[in-house]
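Remarks on the structure that follows.
The values are calculated or read from the model by the stated rules, or taken from the named source; none is laboratory data. Predicted model only: the values in this text are computed from it and were never measured. Using ideal geometry, Cβ is built from the backbone for each residue, glycine included, and neighbour counts are taken over all protein chains shown. In case anyone asks, the SASA skips ligands and DNA or RNA and just uses the protein heavy atoms, side chains included. Shrake-Rupley method; radii C 1.70, N 1.55, O 1.52, S 1.80 Å.
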Amino acid sequence: MTKTVNIRELVLEMLMQVTEEGGYSHIVLREVLEKYQYLEKRDRSFLTRVFEGTLENIIQIDYIIGCFSKVKVEDMKPLIRDLLRLSVYQLKYMDSIPDSAVCNEAVKIAQRRGFYNLKGFVNGVLRSVARGITQVEYPDEKKEPEKFLSVTYSMPEWILEKWLLQFDYAVVKRICEAFHEEQPTTIRCNLNMATLEEVSESLKGEGIEVKKVPYLDYALQIRNYNYLKAITSFKKGWFQVQDVSSMLVAEIAAPQWGDYCIDVCAAPGGKSLHLADKLKGSGYVEARDVTDYKVALMQENIDRINSVNMEAVLADATVFDPKSVEKADILIADVPCSGLGVLGKKADIKYKMSAAKQQEIIKLQRKILDTVYQYVKVGGTLIYSTCTIGADENQYNVKWFLDHYPFRLDSIDPYISDELKSKSTKAGYLQLLPGVHKADGFFIARFKRIS
């Protein structure tokens, strides 16, 4: 007999893993959905929406709670704080659920979890929120534009400060809006195994909604599926889950027949697999990463797709490998970054990151570049990429790299669609912005080694 699962209590446990234990939301969600595969599709959808929606809107939710609670949010017991958060999310964003059901369920959970003495507090705050949520006064956009963006879109102010120095207010607002829009799954079809039409028809045959995406003619968006690994065309290796921005890395790298490629921070291996596909069985791709877990993850994808010209290798990108000197025709350095371009899919990143942590990441990025540039042949190509927004980790690193190493920027216009071409792409780099472009926030620069 299948054990009954309280979905709200399960969401609470997931939130606690992220907010209190340092877990990553996409991993927590994936593991729970895999563990509870037997749940009805409706329950899986509810769990996903409340979990992701609460994380996306924590700053706004805490602002609302602060309007009705005498106890400051930061002073609350962690479990009670996250219980109120997921409940307020439902009260504000899920009209189909009666307010009384939200309040009653929260009280029951507080009691079951040993906070019997706080069930009155939980009940009082939530019922006050339910009665007064439409009267909450938010920061005025004209008087406090930064505060307005922070509360409305749950974006930490230090991030907004940096972006507003680089982009117009309207652009920053559009980026923030885009993070709260639906994030469909994007897939790259493996045209060496099946045509785009075959992949599309197979997906539609399983009731999955399919839509073409801009910029690339082998990519699709899919919606209305339950469990990815159960999809027939996925099991056959016909497609790989990958965002358009990530696919553009291999496009801009433009491997030629027989090229030797090294991807130094490769997990889960999407860009490496793409390179291997574009080589059509020729050349070789070394997909390197720093842990056994990441290498195993890449190997799983290699085996599923049956790639014959690619290998998953355990290697630390910050440790010099003399055997790799001038070995690569193409080197991909998709370095660890702040991840601020993918907040629509990994909302918790914005709460975990800080200005100080970002500076440490920049040091790591430069240490990696200082090591791996030596692996590129003279005349070879180095692709530098990040899934973040802002000059600190992108344009400033490009300038630093050009000042210290024998490379020049190479135009990427020959490798991208006309829609993406601009002054910067002709110069050799591309900054994708959510809401402005139809892709995740991403940065790509193409370097050519000159000596």
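List every residue pair whose Cβ atoms sit under 8 Å apart, with the two residues 6 or more apart in sequence or on different chains, where the first one lies in segment 365-381 and is more than 15 Å from Ala315 (Cα to Cα) and the second, anywhere, is open to solvent by 40 Å² or more (accessible area, probe 1.4 Å) and of a type in the set (Ser, Thr, Tyr).
Val378/Ser451
The conditions are (1) farther than 30 Å from Val436 by Cα; (2) more than 22 Å from the chain's Cα centre (by Cα), and Asp277 fails exactly one of them. Which is it?
Against the list (1) farther than 30 Å from Val436 by Cα; (2) more than 22 Å from the chain's Cα centre (by Cα), Asp277 comes up short only on (1).
Among the listed residues Phe115, Phe148, Phe179, Phe121, which satisfies the condition of being open to solvent by 20 Å² or more (accessible area, probe 1.4 Å), in contact (Cβ under 8 Å) with a residue 40 or more places away in the chain and hydrophobic (A, V, I, L, M, F, W, C)?
Phe121
Step by step: first the residues of segment 12-34, then only those that are in contact (Cβ under 8 Å) with a residue 24 or more places away in the chain and among the polar types (S, T, N, Q), then the one that is surrounded by the fewest Cβ atoms within 10 Å (Cβ to Cβ). Which residue is that?
Thr19
May I ask you to list pairs of residues, at least six apart or on different chains, whose Cβ atoms are under 6 Å apart, with the first in segment 333-360 being surrounded by fewer than 19 Cβ atoms within 10 Å (Cβ to Cβ) and the second being part of a loop (DSSP other than H, G, I, E, B) and not hydroxyl-bearing (Ser, Thr, Tyr)?
Pairs found: Lys345/Gln183.
So, in segment 265-322, how many residues would count as being part of a helix (DSSP H, G or I) and surrounded by fewer than 18 Cβ atoms within 10 Å (Cβ to Cβ)?
Summing the residues that are part of a helix (DSSP H, G or I) and surrounded by fewer than 18 Cβ atoms within 10 Å (Cβ to Cβ) in segment 265-322 gives 9.
Quick one: in segment 323-332, of everything that is buried (at least 19 other Cβ atoms within 10 Å of the Cβ) and among the β-branched types (Val, Ile, Thr), which residue is nearest to the chain's Cα centre (by Cα)?
Selected residue: Ile332.
Would you please name the residue that is farthest from Ile65 (Cα to Cα), looking only at residues in segment 84-112 that are crowded, with 16+ Cβ neighbours inside 10 Å and of a type in the set (S, T, N, Q)?
Gln90
For segment 183-222, what are the residues that are under 24 Å from Ser45 (Cβ atoms) and of a type in the set (Gly, Ala, Ser)?
Ser200, Ser202, Gly205, Gly207
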